[in-house]
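For reference, the structure is listed below as structure tokens.
Bear in mind these aren't lab numbers, they're just calculated from the coordinates by the rules spelled out. Predicted, not measured: the structure shown is a model, and the values here were computed from it. Here the Cβ positions follow ideal geometry from the backbone for every residue, glycine too, while neighbour counts run over all protein chains shown.
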Amino acid sequence: MIQTILRTAQGACSMGGVEQVATWRDQPDTCLWVDIEGELADGDVTLLEQLGCDPLSIADAQRSRHPPKIEAFDANTFILFRGIAHLGEDLELQPQQLGIWVSSRLVISTHRGHSVSISRFWSDPGLGDMLQSAGELALHLLLYASGRYLERLLEFEDTLAELEDGLLSSRSEEQMKELVTYRSHLRRLRRVFNYHRTVAETIWQEGAGFPGLADGEDENAHTRRNLYDRCERLHSLSSMYYEICGDLVEGYISLSSHNLNNTMKILTIISAIFVPLTFLAGIYGMNFEHMPELGWRYAYFTLLAVMASVAIALFVLFRRIRWL
């Protein structure tokens, strides 16, 4: 499905279909946004080529798992961005590939399914003002998509704090499974945000053609810097949360190992106390006929006293060396 919005030099905007492309060509003072939703048909590819899109960039936009990137051509700048189809509470991302071509007075966007970012701007009352500059509109599309990521990550901060506080609770085993899942999903997000940061850094520092520099003037500098700051923050937050999840997992393992060591130490001390007692009991439990102590009247009570003395002496020794 193709939909377009055309902005005239007077600021009037009209929505329509592919028929507005001809009007845009005939009126050099107009600015056009062409949005293509769904799989690119042969007719869509032909239209993109007629509008100056490079065939290789069109092929990249059609791929479902191509890494985000930015490429500057003579006629336009191509930006491939990984948006959100769905980002669950467990941070599992279902990405949506968003291809954007931007030139001096033309913005083209392609996406396979419904895009929240595109829909949001399509119904924005201030779209006409943003469409005054094609580069500004493209940057705002990227800025809003990055903002959706940021909102979800900031919400995860409270979840992470709850997991950290409840690590010693009875639900620690369940929380450990959650932490491992979060860590796995954060690793994937960090990889995506690393690509986005590289794209935003190129746009900010080099302008990357039409989104930034035009006619020797530094246009859209504030928006470009905001985009870079947001992508950099996304990468740093995902890296920090990934490391925190890793630290919590390692902390839980260390704590479990420490508790196990304490348990084993207590069992070892108990065994150490009872080993000499078992030795004495074993000696006098042997069924030899000639054992002088067996005929002594106080032998039983003396042996009990010796065994008690040994146990008490070992207990005091272990307390003194702080094993207990």
What the Cα atoms of the stretch 262-320 span along the principal axes, largest first and in whole Å, is 44, 19, 10
Relative contact order of the chain, defined on C-alpha pairs under 8 angstrom at six or more residues apart (%): 14 percent
Modelled label reach - ASP158, point 7 Å along Cα→Cβ, the stretch 79-100 residues with backbone N closer than 17 Å: 88-91
Select from the stretch 21-115 those GluC sites (Glu not before Pro) which occupy a DSSP coil region and have at most 11 other Cβ atoms within 10 Å, ordered by residue number. GLU39, GLU89
Kyte-Doolittle mean at least 1.6, axial Cα span of 24 Å or more - DSSP H helices of the chain: 299-320
Mind ordering 189-202, 267-280 by average Cβ neighbours within 10 Å, highest first? 189-202, 267-280
Calculate the length of the line joining the C-alpha centroid of the stretch 141-168 to that of the stretch 43-84, in whole Å. 31 Å
Of the labelled options [x] 72, 38, 33; [y] 91, 45, 33; [z] 125, 38, 31, which one gives Cα extents along the principal axes in Å as computed for this structure? [z]
Note, GLN62: beta-carbon cut-off 14 Å, +1 each Lys/Arg, -1 each Asp/Glu, net -4
For the stretch 40-96, alpha-carbon Rg and Dmax in angstrom: 13.8, 43
In what order do LEU137, LEU80, LEU317 fall by count of nearby beta-carbon atoms within 10 Å, going from fewest to most? LEU317, LEU80, LEU137
